[in-house]
Amino acid sequence: MLHVFQPEQTNDKHYTLLRNDLHQTARDLQDAYNNLGNATDPDLIDCYIYELNSVQMRYKFLLASIKKIEDSYTKNPLDVS
């Protein structure tokens, strides 16, 4: 599991929400891989490939959003805008 740098004791609700969404998306990603691995019907395989691509894109977006917030903390930890 990927461990993302977490600023110490942040009260940023947006940051916390993003981290929770990232953890949920990681679980969704694992489920999508499991579903794809168990599918035998060609239509289901296509469906799970699309689902997997969608979840991967959401994961990348959330990860980039979290990184942007963390970078702002490292530049100026007192400015949480």
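The values are calculated or read from the model by the stated rules, or taken from the named source; none is laboratory data. Not measured: the values here are computed from a predicted model. Every residue, glycine among them, receives a Cβ derived from its backbone with ideal geometry; neighbour counts consider all protein chains shown.
Structural remarks
- Every residue from the range 7-65 that is among the hydroxyl-bearing types (Ser, Thr, Tyr) and more than 30 Å from LYS75 (Cβ to Cβ): TYR33, THR40, TYR48, TYR50, SER54
- Residue pairs whose Cβ atoms lie under 8 Å apart, sitting 6 or more positions apart in sequence or on different chains, and linking a residue in the range 23-51 that is closer than 23 Å to SER65 by Cα to a partner that is in a loop (DSSP other than H, G, I, E, B), are ALA26/MET1; ALA26/LEU2.
- THR40 passes every criterion in (1) in a helix (DSSP H, G or I); (2) of a type outside the set (A, V, I, L, M, F, W, C); (3) more than 18 Å from the chain's Cα centre (by Cα) apart from (1).
- Any chance LEU44 is surrounded by 15 or more Cβ atoms within 10 Å (Cβ to Cβ) and either out of contact with any helix residue (DSSP H, G or I) (no Cβ under 6 Å at 6 or more places or on another chain) or more than 25 Å from LEU18 (Cα to Cα) (or both): no
- Flag if LYS13 is loosely packed, with under 13 Cβ neighbours inside 10 Å, modelled with pLDDT under 95 and of a type in the set (D, E, K, R): yes
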